[in-house]
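Chemist: If you scroll down you'll find the structure; I have some questions about it.
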Amino acid sequence: MVYKTYYQSPVGKLFIASNEENLIGLCIEGQKYYLDKIEKEAILKDDIIILEKTKDWLDRYFGKERPEISELPLALEGNAFRQCVWNLLCKIPYGETTTYGELAKEVAKKLNKPSMSAQAVGNAVGHNPISIIIPCHRVVGKNGSLTGYAGGIKNKIKLLELEGVNRKNFFIPK
């Protein structure tokens, strides 16, 4: 069974889904690649332990604490490439960012490939099924462009500001 709940956050209403044991989805209402199918099929039930733990994690995160991703059991569905990208996202520390190009180099190294397309990595980042907790908002363009956040650029900026990221070298693309 898949269960769901909702959470009102500073970046909008969040949809949270679990398979009872693990967190399987979290997205901002209206974000690109919204988990529509999961939301429609999931049963609304607020008292599932993992959903309660996720809400507590979010309370602490939005309260400017730095909860660890490892506090929550995650079950991510995706191919090996996407899994690799999502695991690397989990290693980006609070208050720091990386670029799609740097992530592509890391993925290539992990997958024993000579190189990897930053666009392909960007696509995997954009399909992150557990927004905010898996910090895809910490990835920026190589020139400081605040691009590519499925939850919207304004929300990306809010999340980076919340984490204390120095944004002086970043810009919003035209």
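Chemist: I'd like to verify a number: residues in the range 2-53 that are part of a strand (DSSP E or B), under 21 Å from P73 (Cβ atoms) and of a type in the set (V, I, T), how many?
Modeler: So the answer is 4.
Chemist: Kindly indicate which of I134, I157, I92, I172 is among the aliphatic types (A, V, I, L, M) and under 17 Å from C27 (Cβ atoms).
Modeler: Working: I157 fails: under 17 Å from C27 (Cβ atoms); I92 fails: under 17 Å from C27 (Cβ atoms); I172 fails: under 17 Å from C27 (Cβ atoms).
I134 is the lone residue from the list that is among the aliphatic types (A, V, I, L, M) and under 17 Å from C27 (Cβ atoms).
Chemist: If you don't mind, another one. Inspect the range 137-153 for any residue being crowded, with 18+ Cβ neighbours inside 10 Å and among the basic types (K, R) and give the result as yes or no.
Modeler: Within the range 137-153 (the criterion being crowded, with 18+ Cβ neighbours inside 10 Å and among the basic types (K, R)), the answer is yes, since at least one residue qualifies.
Chemist: Here is a check on your reading of the model: is L51 more than 18 Å from N123 (Cα to Cα), at pLDDT 95 or above, crowded, with 20+ Cβ neighbours inside 10 Å and of a type in the set (A, V, I, L, M, F, W, C)? First the steps, then the outcome.
Modeler: On the way: more than 18 Å from N123 (Cα to Cα): yes; at pLDDT 95 or above: yes; crowded, with 20+ Cβ neighbours inside 10 Å: yes; of a type in the set (A, V, I, L, M, F, W, C): yes.
So L51 passes the test.
Chemist: Now for a different question. Residues to consider are K142, K110; find the one that is among the charged types (D, E, K, R) and in contact with a strand residue (DSSP E or B) (Cβ under 6 Å, 6 or more places away or on another chain). I'd like the intermediate steps shown before the answer.
Modeler: On the way: K110 fails: in contact with a strand residue (DSSP E or B) (Cβ under 6 Å, 6 or more places away or on another chain).
Among K142, K110, only K142 is among the charged types (D, E, K, R) and in contact with a strand residue (DSSP E or B) (Cβ under 6 Å, 6 or more places away or on another chain).
Chemist: For the range 72-86, name all the residues that are out of contact with any Asp or Glu (no Cβ under 8 Å at 6 or more places or on another chain), open to solvent by less than 80 Å² (accessible area, probe 1.4 Å) and not in a strand (DSSP E or B). I'd like the intermediate steps shown before the answer.
Modeler: So in the range 72-86, the residues out of contact with any Asp or Glu (no Cβ under 8 Å at 6 or more places or on another chain) come out as 72, 74, 76-86.
So of that shortlist, the ones also open to solvent by less than 80 Å² (accessible area, probe 1.4 Å) come out as 72, 74, 76, 78, 80-86.
Once the filter is applied, which keeps residues that are out of contact with any Asp or Glu (no Cβ under 8 Å at 6 or more places or on another chain), open to solvent by less than 80 Å² (accessible area, probe 1.4 Å) and not in a strand (DSSP E or B), the range 72-86 yields L72, L76, G78, A80, F81, R82, Q83, C84, V85, W86.
Chemist: Which count do you get for residues in the range 54-71 that are open to solvent by less than 90 Å² (accessible area, probe 1.4 Å) and either farther than 23 Å from G164 by Cβ or charged (D, E, K, R) (or both)?
Modeler: Pass one, the range 54-71, residues open to solvent by less than 90 Å² (accessible area, probe 1.4 Å): 54-63, 67, 69, 71.
Those still in the list that are either farther than 23 Å from G164 by Cβ or charged (D, E, K, R) (or both) too: 55-56, 59-60, 71.
Residues that pass the stated criteria total 5.
Chemist: Also, I was wondering about something else. I'm trying to understand the selection: among the residues of the range 102-129, which are within 24 Å of I153 (Cβ to Cβ), open to solvent by 30 Å² or more (accessible area, probe 1.4 Å) and not acidic (D, E)?
Modeler: The answer is S117, A118, Q119, A120, N123, H127.
The values are calculated or read from the model by the stated rules, or taken from the named source; none is laboratory data. What you see is a predicted model, and the numbers here were worked out from it, not measured in a lab. Neighbour counts run over all protein chains shown; Cβ positions are idealised from the backbone, glycine included. Protein only, heavy atoms only, side chains kept; ligands, DNA and RNA dropped before computing areas. Shrake-Rupley method; radii C 1.70, N 1.55, O 1.52, S 1.80 Å.
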